[in-house]
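Report on one structure; see the data block that follows.
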2 protein chains.
Amino acid sequence: MAMSPILLYNGSIEQNFHESGEYVVTIKDIAQMAGVSFTTVSKALNGEPGVREETRNKILAIASKLNYVPNLAARRLVDRKSDSIGLIWPNKSGLFLYHLFEQFQIQAEKAGYSVMVALGNPTASVRTFMKHFVDTIVVWPSSENTSPEFIQAREAFQGTLLMFNSSPSPYYHTISIDRQEAIQQAVDHLAGLGHRKISFIGYNSEKITGFDRATQLLELEEHPDRLIFTPKNAAESWNRVADMLRKPKSQRPTALIVDSYIAMFKLLKLCKTYSLRIPEDFSLIAYDDVPELEEITDIAVTTVGPSVEHLASAALDILFELRQGHPAEVGHRHVKVASQLTVRGTTRPVSDYAL
Amino acid sequence: MAMSPILLYNGSIEQNFHESGEYVVTIKDIAQMAGVSFTTVSKALNGEPGVREETRNKILAIASKLNYVPNLAARRLVDRKSDSIGLIWPNKSGLFLYHLFEQFQIQAEKAGYSVMVALGNPTASVRTFMKHFVDTIVVWPSSENTSPEFIQAREAFQGTLLMFNSSPSPYYHTISIDRQEAIQQAVDHLAGLGHRKISFIGYNSEKITGFDRATQLLELEEHPDRLIFTPKNAAESWNRVADMLRKPKSQRPTALIVDSYIAMFKLLKLCKTYSLRIPEDFSLIAYDDVPELEEITDIAVTTVGPSVEHLASAALDILFELRQGHPAEVGHRHVKVASQLTVRGTTRPVSDYAL
DNA sequence: CTGAAAGCGCTTACAG
DNA sequence: CTGAAAGCGCTTACAG
């Protein structure tokens with residue numbers, strides 16, 4: 001008969017094997033070896049008061065000798081806290097989200113949270129997080145967010161929910177980006193360089209509103225290509241951009257603002273087609289600030305948009321507050337994050353574009 | 001007195017409140033509503049045989065209506081399984097990893113696993129996953145992997161460990177990429193187009209070996225720029241690339257192979273500086289296949305490298321096997337994934353580069 | 001200071 | 001096909 005590994009521990013403690021065949025030490029084993037009840041072991045291990053110093057030390061010594069690892073499943077079954085945050089990353093969200101989440105995790109880890117990300121279908125992600133005791137879920141929006149399944153899943157979730165890029169809601173905390181102001185900033189900067197004939201290429205309504213406002217405020221020039229509306233999945237709308245690029249210099253705008261870095265790449269391709277160059281032929285500002293863009297493009301693009309640092313810390317500030325205060329008395333927060341203009345190489349004074 | 005939310009469900013099921021004050025549904029609730037024992041509910045929910053179809057359907061309907069989410073801690077306490085996979089994503093891993101993990105999660109979800117990703121420090125990530133009862137961890141390597149902390153953490157982890165991009169190991173399952181063969185494929189393709197003077201720009205030793213082999217096998221031309229070694233963090237090594245680009249056409253290679261898409265962007269920038277164009281002045285093959293590159297670059301680049309689909313399914317195949325077989329009798333697997341050449345627009349017959 | 005007992009939500013023999 | 005009971009490892013009132 002094979003000897004039980006237990007005998008190594010010089011006592012007749014219970015046997016307890018992991019599926020992998022490894023022996024697993026529990027508080028009962030420790031209790032038996034220490035000659036106390038497992039209640040006392042639990043207290044000693046958790047630093048609860050009411051255990052004699054001598055007893056505690058003895059227990060601690062045995063625990064460490066046996067390489068005791070607490071079974072978190074058991075602990076979790078009793079007290080449901082995990083201090084962890086789940087981030088929902090919908091498919092096809094691209095580089096910006098990667099940087100935001102990376103930044104979020106760095107900041108959250110410093111604050112003692114553990115962070116996990118779920119890719120793919122947001123509804124499934126919520127379920128996964130619930131299963132794994134995540135107590136805060138942070139959502140980056142996607143079209144899925146308005147589906148009944150998603151709504152049902154988020155309602156079933158009992159923890160804290162925070163939604164990026166969302167208008168205020170009675171159901172969860174929200175963070176929005178001041179896109180309007182971002183585009184106004186961009187126009188301001190261009191106007192400061194003397195530009196009077198500026199085009200906006202994009203489709204987001206907030207950004208368009210910002211563009212309209214700034215145009216009026218600064219009394220910029222009206223021209224047929226002032227606004228080129230390029231809705232998603234409407235490739236043909238880019239023909240208008242092409243038309244604009246083909247016009248003689250005197251009829252073209254001197255500066256362009258694009259909606260996103262995706263749009264920027266499309267624009268750059270078109271420019272190449274028509275042998276136009278940036279910033280030699282146009283000044284350009286792109287919304288979205290993705291750090292490695294500089295690595296990828298051969299020009300350093302002036303950008304405007306929220307910084308990932310600000311977005312991440314805005315979200316975490318809300319969570320900190322909640323952690324401290326009594327959740328019940330804190331309503332659902334809403335924070336609007338400002339944008340930042342980062343001037344790089346693609347914005348030049350209008351005099352550079354003189355005929 | 002406030003009405004308990006329970007009353008909505010038309011039964012006097014037990015009350016069970018989360019610390020946040022919200023109600024949590026358990027199998028007991030479902031049992032009471034269905035008028036069966038919770039043992040039966042457990043069986044029905046887990047697809048065990050021995051439950052009448054009608055009963056099962058009733059239970060399933062109630063469960064979904066109540067938004068039941070199984071308590072993993074409880075389940076885990078009994079059978080130490082969670083059918084979930086944690087992916088370790090070290091900082092600064094870039095686009096390729098994003099696509100790989102996205103693909104992995106799509107395939108894993110189909111097979112009934114739930115997948116979570118941890119960003120940042122790999123050691124902390126292992127701990128996070130342990131805390132959350134992940135039973136399989138998949139690691140994308142980083143320099144951290146050889147640190148004592150990481151090794152200790154992965155040894156403490158009781159589940160299945162799989163390491164991408166690694167040579168065989170007695171401690172975990174491994175998947176490697178046949179980089180040597182990848183570069184050989186690239187050279188073969190170029191040679192097939194008649195190229196005899198090819199440069200490799202990069203630093204990975206396997207890839208360099210592949211290049212050397214192919215060069216010998218095909219008896220390609222020796223020339224001073226055959227291999228331009230550009231180690232990471234050695235910006236000055238790119239001067240040699242610049243030197244090569246400045247040479248007169250007769251002295252330059254006709255085709256280039258780069259190590260990674262990062263290197264490709266550097267090359268493209270340099271080409272622009274010297275008014276050289278791809279593929280007009282050079283054929284080009286880049287290692288790494290990142291789908292949105294086509295969107296970003298203005299040229300469709302011919303690439304070689306493992307497809308994310310293959311890498312993901314290779315990893316999952318190992319996990320499937322383990323799930324089915326008896327873990328004890330299955331050793332640690334090693335799989336080598338082949339590469340794929342995707343011919344796009346940057347490889348042309350050598351005659352196009354005739355003087 | 002210490003311990004017996006109840007219970008967290010679930011699975012799994014086992015008995016009907 | 002269904003259910004009563006034991007038990008996974010732990011924490012937490014509660015009683016001594």
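The values are calculated or read from the model by the stated rules, or taken from the named source; none is laboratory data. Not measured: the values here are computed from a predicted model. Ideal geometry is used to build each Cβ from the backbone, glycine not excepted, and the neighbour counts take in all protein chains shown. Protein only, heavy atoms only, side chains kept; ligands, DNA and RNA dropped before computing areas. Shrake-Rupley method; radii C 1.70, N 1.55, O 1.52, S 1.80 Å.
Of these, A:L220, A:L270, which one is over 26 Å from A:A314 (Cβ atoms) and under 34 Å from the mean Cα position of the chain (by Cα)?
On the way: A:L220 fails: under 34 Å from the mean Cα position of the chain (by Cα).
The match here is A:L270.
Which of (1) under 26 Å from A:L267 (Cα atoms); (2) touching a residue at least 60 places away in the same chain (Cβ under 8 Å); (3) open to solvent by 60 Å² or more (accessible area, probe 1.4 Å) is the odd one out, the single condition B:R344 does not satisfy?
The number of the failed condition is (2).
Which one is nearest to B:Y171 (Cα to Cα), of the residues in segment B:132-159 that are of a type outside the set (A, V, I, L, M, F, W, C) and crowded, with 17+ Cβ neighbours inside 10 Å? Talk me through it step by step, then tell me what you get.
The initial filter retains those residues of segment B:132-159 that are of a type outside the set (A, V, I, L, M, F, W, C), namely B:132, B:135-136, B:141-149, B:152, B:154-155, B:158-159.
Subset that is crowded, with 17+ Cβ neighbours inside 10 Å: B:132, B:135-136, B:142, B:144-145, B:154, B:159.
Values: B:H132: 22, B:D135: 15, B:T136: 14, B:S142: 17, B:E144: 17, B:N145: 13, B:R154: 9, B:G159: 11 Å.
Once the filter is applied, the top-ranked residue is B:R154.
On the basis of being buried (at least 19 other Cβ atoms within 10 Å of the Cβ) and assigned to a helix (DSSP H, G or I), does B:L316 make the cut? Give the derivation first.
Numbers: buried (at least 19 other Cβ atoms within 10 Å of the Cβ): yes; assigned to a helix (DSSP H, G or I): yes.
It is true that B:L316 is buried (at least 19 other Cβ atoms within 10 Å of the Cβ) and assigned to a helix (DSSP H, G or I).
Would segment B:201-219 turn up any residue that is at positive phi, surrounded by fewer than 20 Cβ atoms within 10 Å (Cβ to Cβ), more than 14 Å from chain A (Cβ to nearest Cβ) and of a type in the set (D, E, K, R)?
Yes, there is a match, as at least one residue in segment B:201-219 is at positive phi, surrounded by fewer than 20 Cβ atoms within 10 Å (Cβ to Cβ), more than 14 Å from chain A (Cβ to nearest Cβ) and of a type in the set (D, E, K, R).
Please determine whether any residue of segment B:86-99 is hydrophobic (A, V, I, L, M, F, W, C), more than 21 Å from B:M130 (Cβ to Cβ), at the interface with chain A (Cβ under 8 Å from one of its Cβ atoms) and not in a loop (DSSP other than H, G, I, E, B). I'd like the intermediate steps shown before the answer.
Kept after step one, since they are hydrophobic (A, V, I, L, M, F, W, C), are these residues of segment B:86-99: B:87-89, B:95-97.
Next, only the ones that are more than 21 Å from B:M130 (Cβ to Cβ) stay: B:95-97.
This time we only want the ones that are at the interface with chain A (Cβ under 8 Å from one of its Cβ atoms), so: B:95.
Going one step further and asking which of them are not in a loop (DSSP other than H, G, I, E, B), we end up with B:95.
Taking every residue of segment B:86-99 in turn, at least one turns out to be hydrophobic (A, V, I, L, M, F, W, C), more than 21 Å from B:M130 (Cβ to Cβ), at the interface with chain A (Cβ under 8 Å from one of its Cβ atoms) and not in a loop (DSSP other than H, G, I, E, B).
I want to confirm something. Restricting to segment B:221-237 and keeping residues that are modelled with pLDDT under 95 and either aromatic (F, W, Y) or over 30 Å from B:G194 (Cβ atoms) (or both), which single residue is least open to solvent (accessible area, probe 1.4 Å)?
Per the stated criteria, the residue is B:A234.
Provide a single number: the residues in segment A:320-341 that are in a helix (DSSP H, G or I) and either open to solvent by 80 Å² or more (accessible area, probe 1.4 Å) or modelled with pLDDT of 90 or more (or both).
Applying the first criterion (in a helix (DSSP H, G or I)) to segment A:320-341 yields A:320-324, A:327-329.
From what is left, the residues that are either open to solvent by 80 Å² or more (accessible area, probe 1.4 Å) or modelled with pLDDT of 90 or more (or both) are A:323-324, A:327-329.
Result for segment A:320-341: 5.
Of the residues B:L162, B:L95, which single one is modelled with pLDDT under 95, surrounded by 18 or more Cβ atoms within 10 Å (Cβ to Cβ) and within 23 Å of B:V290 (Cβ to Cβ)? I'd like the intermediate steps shown before the answer.
Numbers: B:L162 fails: modelled with pLDDT under 95.
From the options B:L162, B:L95, the qualifying one is B:L95.
Taking only segment A:106-130 into account, find how many residues are under 18 Å from A:G159 (Cβ atoms), facing chain B (nearest Cβ under 10 Å) and either of a type in the set (A, V, I, L, M) or surrounded by 21 or more Cβ atoms within 10 Å (Cβ to Cβ) (or both). Give the steps one after another, and end with the answer.
Let us first name the residues in segment A:106-130 that are under 18 Å from A:G159 (Cβ atoms), namely A:108, A:111-118, A:122-130.
Still in the list and also facing chain B (nearest Cβ under 10 Å): A:108, A:113-118, A:124-130.
Subsequent filtering for residues that are either of a type in the set (A, V, I, L, M) or surrounded by 21 or more Cβ atoms within 10 Å (Cβ to Cβ) (or both) retains A:108, A:113-118, A:124-126, A:128-130.
Residues in segment A:106-130 being under 18 Å from A:G159 (Cβ atoms), facing chain B (nearest Cβ under 10 Å) and either of a type in the set (A, V, I, L, M) or surrounded by 21 or more Cβ atoms within 10 Å (Cβ to Cβ) (or both): 13 in total.
Please specify each residue of segment A:280-296 satisfying the condition of being more than 20 Å from A:L100 (Cβ to Cβ) and open to solvent by 10 Å² or more (accessible area, probe 1.4 Å). Let's see the steps before the verdict.
Keep residues of segment A:280-296 that are more than 20 Å from A:L100 (Cβ to Cβ), which gives A:280-285.
Matches in segment A:280-296: A:E280, A:D281.
Of the residues that sit in segment B:69-85 and are within 9 Å of another protein chain (Cβ to nearest Cβ) and at pLDDT 85 or above, which one is nearest to DNA strand D (Cβ to nearest atom)?
B:A74
Please determine, by comparing only the residues of segment B:20-37 that are within 14 Å of another protein chain (Cβ to nearest Cβ) and part of a loop (DSSP other than H, G, I, E, B), which one is nearest to DNA strand C (Cβ to nearest atom).
Ranking the candidates gives B:T26 first.
Across segment B:38-57, what is the number of residues that are open to solvent by 60 Å² or more (accessible area, probe 1.4 Å) and either near DNA strand D (Cβ under 9 Å from one of its atoms) or part of a loop (DSSP other than H, G, I, E, B) (or both)?
Residues in segment B:38-57 being open to solvent by 60 Å² or more (accessible area, probe 1.4 Å) and either near DNA strand D (Cβ under 9 Å from one of its atoms) or part of a loop (DSSP other than H, G, I, E, B) (or both): 10 in total.
Out of everything in segment A:238-267 that is among the aliphatic types (A, V, I, L, M) and within 29 Å of the chain's Cα centre (by Cα), what residue ends up being most open to solvent (accessible area, probe 1.4 Å)?
Here is the first cut: in segment A:238-267, the residues among the aliphatic types (A, V, I, L, M) are A:241-242, A:244-245, A:255-258, A:262-264, A:267.
From the residues that got through so far, the ones that are within 29 Å of the chain's Cα centre (by Cα) too are A:256-258, A:262-264, A:267.
Working: A:L256: 0, A:I257: 1, A:V258: 0, A:I262: 65, A:A263: 10, A:M264: 0, A:L267: 0 Å².
Once the filter is applied, the top-ranked residue is A:I262.
For segment A:105-127, which positions are in contact (Cβ under 8 Å) with a residue 40 or more places away in the chain and either touching a Ser or Thr at 6+ places or on another chain (Cβ under 9 Å) or within 16 Å of DNA strand D (Cβ to nearest atom) (or both)?
If the condition is that a residue be in contact (Cβ under 8 Å) with a residue 40 or more places away in the chain and either touching a Ser or Thr at 6+ places or on another chain (Cβ under 9 Å) or within 16 Å of DNA strand D (Cβ to nearest atom) (or both), then A:Q107, A:A108, A:Y113 are the ones that fit.
When only residues in segment B:23-37 that are more than 8 Å from DNA strand D (Cβ to nearest atom) and open to solvent by 60 Å² or more (accessible area, probe 1.4 Å) count, which is nearest to A:Q158 (Cα to Cα)?
For segment B:23-37, the residue satisfying everything is B:K28.
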